[in-house]
Each structure stands twice: as structure tokens, then as C-alpha cells.
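See below for the structure under consideration.
The values are calculated or read from the model by the stated rules, or taken from the named source; none is laboratory data. In this text, all values refer to a predicted model and were calculated from it rather than measured experimentally. Accessible surface areas use protein heavy atoms only, side chains included; no ligands, DNA or RNA. Shrake-Rupley method; radii C 1.70, N 1.55, O 1.52, S 1.80 Å.
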Amino acid sequence: MPDSDTGAPPRVVLVTAATLAVALAVAVAVFALTQPSADSADSGPLPLVPVPAPFAGSPGCTTLLGAVPAELTSNGASLKVRSLAAPAPPATVAWGTTDPLVLRCGLDRPPELTPTAALRQVNGVQWLQVPGEGASTWYVVDREVYAALTVPDSAGTGPLQQISDTVAAKLPSRPLRFS
């Protein structure tokens, strides 16, 4: 019933409405603080599916992974090394948060590597590109071990060039092997 002097709602209705508004604001704040943000999910340990890497413990992989840069540059952005969720695949390193790049070493020869496969040479390293959905995997095919760099389609060419420089500096080239 309105206040007879001013026409305003009764005081009890105003107090109840204010209390409900404050309670709603507190509930929203608590919910927001207890939910993981997209940024924290992207920057936490990266879960990766293991792939067969029978030569992951080889000296070539130890040399290569010991020399990879702590950060890569892609489209002008700096991508830092990212920790991997346990159990982490052996001889694997990743960079970046959203759409990370992943380097794996010690893999079997990619079945797509044939005498007629189209190869690209980047900074002295021969790569075989295997396109995928949303990313391509680039295989180093002319070194003592096979390594693969999975690069999202949104990335620039900088990471491939930087990893090529590391491969060229640390692993001597070898003739291609098709069997």
C-alpha cells in the first residue's frame, strides 16, 4: 500500500528490493570469481594426445629440444614455451596459449613422404607439409630424426623459420629416406 503522504511504496517493500539487489550482485560476483577464465585454461598445462615417437630418446632429439627457443614470434606476437599436462608425450614442446604450436621429435617416417612428395625448403631444412583441419603439420625430413611442427592456420611463417634455423644449426642434413 503506498505511503499516504507521498504515494511511495511502503518502506518494507523498498528494503526488501534493495536486499534482493545486493544479494544478486554478491551471487554474481561469487560465481564469476569461482569459474575458471578462458585465459587461465589457455595458459595452464597443455594436454596433448601421445603419438608414437620411437626415437624420442635419440641423441638427435635431445640436441634439438635442448636448443629450441624459449619463445617464437608469430604474426608479431611472442609465443612463450608452455608447460605440458602430465603425462606429457616424450620429446615434445609447445608454445603459445590460444592455438598453440607443438614440436614433436623422434617420430616414424611420415607415410606421406614419397619420392614424388612436394617438399619445401625453409632456411636450409626440407619440410613436408601435411595439411589438417585448422592446422598443418610440417615434418623435418632431411635430418637424422623426424620431427614435426604442428602450426595452426592462424600462425604466421615466423615459427617455421625459427625452428628451421634451430634444426639447421643443430642437426646435419642427410639424404631423404623413403623406406
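Some values worked out for this structure:
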quantity	calculated
Average accessible area per residue (Å²) across the stretch 44-179 - probe 1.4 Å, nucleic acids and ligands excluded	49 Å²
Length released on extending from Ala67 to Arg174, taking residue separation times 0.36 nm less the Cα-Cα span	36.6 nm
Chain lengthening between Asp165 and Ser58 when straightened (0.36 nm per residue, less Cα-Cα)	36.5 nm
Share of carbon and sulfur in the accessible heavy-atom surface of the stretch 59-179 [1.4 Å probe, %]	52 percent
Nearest-10 value in Å² for the accessible area of Thr63, using the 1.4 Å probe	60 Å²
Amide H partners (placed H, <5 Å) of Val125, local residues excluded	none
